[in-house]
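Worksheet: the structure to be examined is printed underneath.
Since every read-out is calculated from the coordinates, none of them should be taken as a lab result. Computed from a predicted structure; not experimentally measured. Here the Cβ positions follow ideal geometry from the backbone for every residue, glycine too, while neighbour counts run over all protein chains shown.
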Amino acid sequence: MILVTGGAGYIGSHVTRDMLVKGYKVAVLDNLSTGHLEAVDKRAIFIFGDIGDERLLEQVFKRFPIRAVMHFSSSCLVGESVRNPMKYYQNNVEKTIRLINKMLAHQITRLIFSSTCATYGIPTGTVLTEDHGLHPINPYGRSKLMIETILKDLSESNGLHYVSLRYFNVAGAHPSAEIGEDHFPETHLIPNVLQHLQGKTKEVSIFGGDYHTPDGTCVRDYIHVCDLSDAHILALEYLVQSNLVSDIFNLGNERGYSVLDIIKSCEAITNRQARVKVLPKRFGDPPLLVASSEKIRNVLGWIPKHNLEQIIRTAWNWHEKHPEGFPK
Ligand code: UDP
C-alpha cells in the first residue's frame, strides 16, 4: 500500500486515481485544509488528519502495510510564503520532519517528495538542469530546499531512498473532467484566466509587464497534471525496483510561455476575449523558469503526452463542468 499525503489536493488526487487504475492500493492522509474529499477516489482508504500529528502517523504506520510514501501535502503559494514565511516553515519543514521520522521508525524507507523549480531561484541560463545552483528567492522555495537537504543527509545516514520531483507549473485536469484544480482563493495563472473567461472576475491581473523577457511578462514552463502523475508512478517503480537509489528530477515540458502567451491561448481555445490589467510585479517571482527534462526522460523513460493546448482544453472542460469546483 502507498500512503499519499495531500491526496485530496489537486495533484495528489490525480496521482491517487492513476495509481489505483494501475492496481496499487492507496491510503490518503489529508486534513482537508485546502483539499476536497470529493476529489479522493472512492477506492482509496481516506484518513482525515494532519501529517504533523505524530500519534495519528503512529497509528497509520502500525495499521496499514505502507511500502512507500508520496508526500504532496504542503503549502505552495509563492506570494503567501513571502507574506507569511512561518506557515511555510511549519507546514513544509517541521511537519515533514515529523512524517519522515515516523516513517523511519517504522522502517518505511521510500519517499517521493513534491519539490519545486522555486528551489533554483533566478536561473543563470535559459533552461534549468538539476545541477543548476540552488538559490531560492522566496520562503516557499527555501522550505522545499530545506527538505531536499534533509533527504540527502538521511539517504546517506538512515537508509532513506527518495525521489524529489521539482515541479514547474502544473496545470490542466483529468480527461474525465471529474477532478481538476479548485483552490480558494485561486492564484494560479491558467485557472485565473479561465475563470475570468467564464465571467467570474472583471479582469485578469498581469503581475509585471517590464521583465527582461521577450514581451515583458514572466515566462513559465507548464506541465499537464496527468504527465506529472505518470512521472510519480515511474519514480515509485524506480524506488521499488532498485533498493539503492535516491534522485532528483525536474518535471517540466522544456517550453516557456509568457503570461501574455497563456492569456492568448486561453482566448483562442475558449473563443472568448479577456480584459487584462498590468499590475506591479509580484514579489518573489523569477522572470523565467523553463526546465530541462532530459534527465527524467533518460533515467525514468518519462514521456509527456500533453502540449499547452491540451493543458488548457482539459482545464477548461473541468471549469465548464464544475463552475463552482467541488461541492462545498
Ligand atoms: N500571474 C499573473 N496573473 C495571475 C496569476 C499569475 O500574471 O493572475 C503570473 C505570476 O506572476 C507568474 C506566472 O503568472 O509570473 C505564473 O504564476 P502562478 O501563480 O500560476 O505559478 P507560480 O509560477 O507562481 O508557481
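For the stretch 170-322, just run the numbers: alpha carbon Rg, then divide by 2.2 N^0.38 Å, N being how many residues it has.
1.13
With r defined as the distance between the Cβ atoms of R98 and S157 and R0 fixed at 22 Å, what FRET efficiency is calculated, to the nearest 0.05?
For R98 and S157, the calculated efficiency is 0.75.
Once Rh for the stretch 1-82 is found with the Kirkwood sum over Cα pairs, what is the Stokes-Einstein diffusion coefficient at 4 °C and 1.567 mPa s, in µm²/s?
102 µm²/s
Okay, helix-only estimate at 222 nm for the chain: each DSSP H run of n ≥ 4 adds -39500 (n - 2.57), divide by all residues, round to 500 deg cm²/dmol; what do you get?
-11000 deg cm²/dmol
Please order T270, T217 by the number of other Cβ within 10 Å, starting at the fewest.
T270, T217
Hey, fewest Cβ within 10 Å first, where do F72, F168, F184, F61 land in order?
Fewest to most other Cβ atoms nearby, the residues stand as F184, F61, F168, F72.
Check the straight Cα-Cα distances from K42 and name the lysines below 25 Å, setting aside those fewer than 8 residues away within the same chain.
Filter leaves K22, K25, K62, K321, K328.
Given Cα pairs under 8 Å that are at least 6 residues apart, what percent is the relative contact order of the stretch 250-312?
Once divided by the residue count of the stretch 250-312, the mean separation gives 57 percent.
Taking H placed 1.01 Å from N in the peptide plane, check which residues at least 5 places from A68 or on another chain put their amide H under 5 Å from its amide H.
Answer set, sorted by chain and number: L3.
Cα-Cα pairs above 31 Å in the chain: how many percent?
Summing the P(r) tail past 31 Å for the chain gives 27 percent.
List, in the order given, every pair from K95/K152; K152/K295; K87/K152 whose Cα-Cα distance in the structure shown is over 21 Å.
In this structure, K87/K152 exceed 21 Å between Cα atoms.
Just to check I understand the Karplus step: with θ = phi - 60° and J = 6.51 cos²θ - 1.76 cosθ + 1.60, what whole-Hz values come out for the stretch 166-174, glycine and proline as x?
Running phi through 6.51 cos²θ - 1.76 cosθ + 1.60 with θ = phi - 60° gives 8, 6, 8, 8, 8, 7, x, 8, 4 Hz.
Calculate the FRET efficiency for K328 and N243 from the Cβ-Cβ distance with a Förster distance of 41 Å, rounded to the nearest 0.05.
With a Förster radius of 41 Å, E is 0.40.
Which ³J(HN,Hα) values, rounded to whole Hz and listed in residue order, are derived for the stretch 305-320 from phi using the Karplus coefficients 6.51, -1.76 and 1.60 in 6.51 cos²θ - 1.76 cosθ + 1.60 with θ = phi - 60°, glycine and proline given as x?
So the Karplus estimates, Gly and Pro as x, are 10, 10, 9, 4, 4, 5, 4, 5, 4, 5, 5, 4, 4, 4, 5, 5 Hz.
Which far-off residues, 5 or more places away or on another chain, put their amide H under 5 Å from the one on C218, with H placed in the peptide plane?
It is V259, by chain and number.
Could you work out the per residue convex hull volume over the alpha carbons of the stretch 246-328, in cubic angstrom?
185 Å³
For T149 and N298, what does the FRET efficiency come to when R0 = 25 Å and r is the distance between their Cβ atoms, rounded to the nearest 0.05?
0.50
Give the distance, in whole Å, between the Cα centre of the stretch 79-110 and the Cα centre of the stretch 209-240.
So the two Cα centres are separated by 22 Å.
Hey, what did the stretch 17-61 get for relative contact order, percent, Cα under 8 Å, at least 6 apart?
The normalised contact order for the stretch 17-61 reaches 37 percent.
Please give the helix 259-270 orientation as an angle from the longest Cα principal axis of the chain, in degrees from 0 to 90, rounded to the nearest 10.
80 degrees
Based on the Cα gyration tensor of the stretch 1-160, what are the three equivalent ellipsoid semi-axes, each the root of five times an eigenvalue, rounded to whole Å and given largest first?
After scaling each eigenvalue by five and taking roots: 26, 18, 16 Å.
What is the diffusion coefficient of the stretch 164-221 in µm²/s, taking the Kirkwood radius over Cα pairs and the Stokes-Einstein relation at 10 °C with a viscosity of 1.306 mPa s?
It diffuses with D of about 117 µm²/s by this estimate.
Relative contact order for the chain using alpha-carbon pairs under 8 Å, separation at least 6, rounded to a whole percent?
Taking the mean separation of contacting Cα pairs over the length of the chain, I get 19 percent.
Quick one: which residues, 5+ away or cross-chain, put their amide H under 5 Å from the amide H of F46? H built at 1.01 Å from N.
For F46, whose amide H was placed from the backbone, the distant partners under 5 Å are V28.
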